[in-house]
Amino acid sequence: MHPPSSVVAAPRHWVLPFAASLSEPCQHALPHLNAEGTLPHLRRLLGALQVSQRLLGDEYALSMPHERVLAAEMGWPGAVADSNPADADGLLPWAAWWAAQDGVSLDPAQCWGLLSPGHWLMGRDHLTLLDPATLGLSEDESRTLLEAVRPLFEEDGWTLQWGAAQRWYAAHPSLQDLPTASLDRVIGRNPDLWLTDHPQARMVRRLQSEVQMLLYQHPLNEAREAAGLATVNSFWLSGCGQPPANTALPAPVQWVNDLRAPLLADDMPLWLEAWQHVDATVLKDICTALDAREAVKLTLCGERHAVTLTLAAAPSLGARLGRALRQLTGRPDTARVTDLLETL
């Protein structure tokens, strides 16, 4: 008999989206993270870990960097770091992942998309898509609105399923290989700029117009407007594709989404507070895992790129002497917390 082979446990992997952005408010806020005593655990991790992988993209890609990282962890085709981002851009089936979180069973033979009911704010020069999570839409309101728009979709052969107040699911043959922009990519921006010119998107654009007209004077929206609440006047379609074989993140992977809402809202004081909270909780846990000699990975994601950090090799004698000298003389390391964040 042969002895059982040893199994090496996968390293614990923390994925942190919205660590930085190119927006002007964020660029003005980033230097605050360099203040002395700020983010001590992130400082320690940046000193102890080294970049082991870079996932490159740009701010105009349809898929967000963290979506590609998480999709790669689940083994979805086209999402791995060494692939061409354009191969799967906007084609990652996140509708199926969200349906699994909502406990909704989708027909695996059909192509599904995530319909996010939302408010398109009419400005003087352009539209802005508000974050659906800020609408405070109740389950009853959401179900009422879904039933109101259902005939528009079903007469064109669509299948609709309710999942949650902010999430509806739609199936149609036209969603096969239809690239769409992530909801996280479009929030706070002009949705018109993110509507692709793909031939299969024409029906979606028509339905968006029809839904806007239908909901304009809907009694539910009139009641919301009278109460000072934003109306639901359209939807965003994203995450299209057939349900993949795996819609569960591996057990060692932790998706940390604390920075999302404040960054998408350009609420920089709240975003800086969220960073402090993440440092005091999540990043502290990673430091504890390091102290216990556990294998760890930390992936920081911006709106263009993602960078994965793992345990660095033992520093050379010269590096150790240099660090000891800086500590004795009181001279700090020249690296700033934001040196890495600014590259995302």
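So here's what we get for this one:
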| quantity | calculated |
| --- | --- |
| Pairs where the first residue, in segment 19-43, is in contact (Cβ under 8 Å) with a residue 12 or more places away in the chain and over 15 Å from GLY302 (Cβ atoms) and the second is among the polar types (S, T, N, Q) and outside any helix (DSSP H, G or I), C-beta under 8 Å, 6+ apart | HIS32/THR38 |
| Pairs where the first residue, in segment 204-229, is in contact (Cβ under 8 Å) with a residue 60 or more places away in the chain and the second is of a type in the set (Lys, Arg) and surrounded by 12 or more Cβ atoms within 10 Å (Cβ to Cβ), C-beta under 7 Å, 6+ apart | none |
| Where LEU46 falls short, out of the listed (1) over 30 Å from LEU220 (Cβ atoms); (2) in contact with a helix residue (DSSP H, G or I) (Cβ under 8 Å, 6 or more places away or on another chain); (3) assigned to a loop (DSSP other than H, G, I, E, B) | (3) |
| Enumerated helices (runs of 4 or more DSSP H) restricted to segment 77-156, each holding at least 2 residues that are under 21 Å from the mean Cα position of the chain (by Cα) | 85-88, 94-102 |
| Residues being over 23 Å from TRP194 (Cβ atoms) and touching a residue at least 24 places away in the same chain (Cβ under 8 Å) - total across segment 108-141 | 7 |
| Number of the condition not met by GLU67 [criteria: (1) in contact (Cβ under 8 Å) with a residue 60 or more places away in the chain; (2) surrounded by fewer than 23 Cβ atoms within 10 Å (Cβ to Cβ); (3) within 17 Å of VAL307 (Cβ to Cβ)] | (2) |
| Per-region count, segment 194-203, residues touching a residue at least 60 places away in the same chain (Cβ under 8 Å) and either surrounded by fewer than 15 Cβ atoms within 10 Å (Cβ to Cβ) or under 19 Å from CYS111 (Cα atoms) (or both) | 1 |
| Residue check, SER105 farther than 30 Å from TYR216 by Cα, polar (S, T, N, Q) and outside the structural domain of THR231 (by TED's automatic domain parsing) | no |
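Conditions (1) in the same structural domain as LYS297 (by TED's automatic domain parsing); (2) surrounded by fewer than 18 Cβ atoms within 10 Å (Cβ to Cβ), marked per residue:
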position: TYR169; (1), (2): no, no
position: SER182; (1), (2): no, no
position: ASP192; (1), (2): no, yes
position: ARG205; (1), (2): no, yes
position: MET213; (1), (2): no, yes
position: GLY228; (1), (2): no, yes
position: TRP255; (1), (2): yes, yes
position: LEU259; (1), (2): yes, no
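The values are calculated or read from the model by the stated rules, or taken from the named source; none is laboratory data. The model shown is predicted, which means the values in this text are computed figures rather than measured ones. Here the Cβ is made from the backbone with ideal geometry for all residues, glycine too, and neighbour counts use every protein chain on show.
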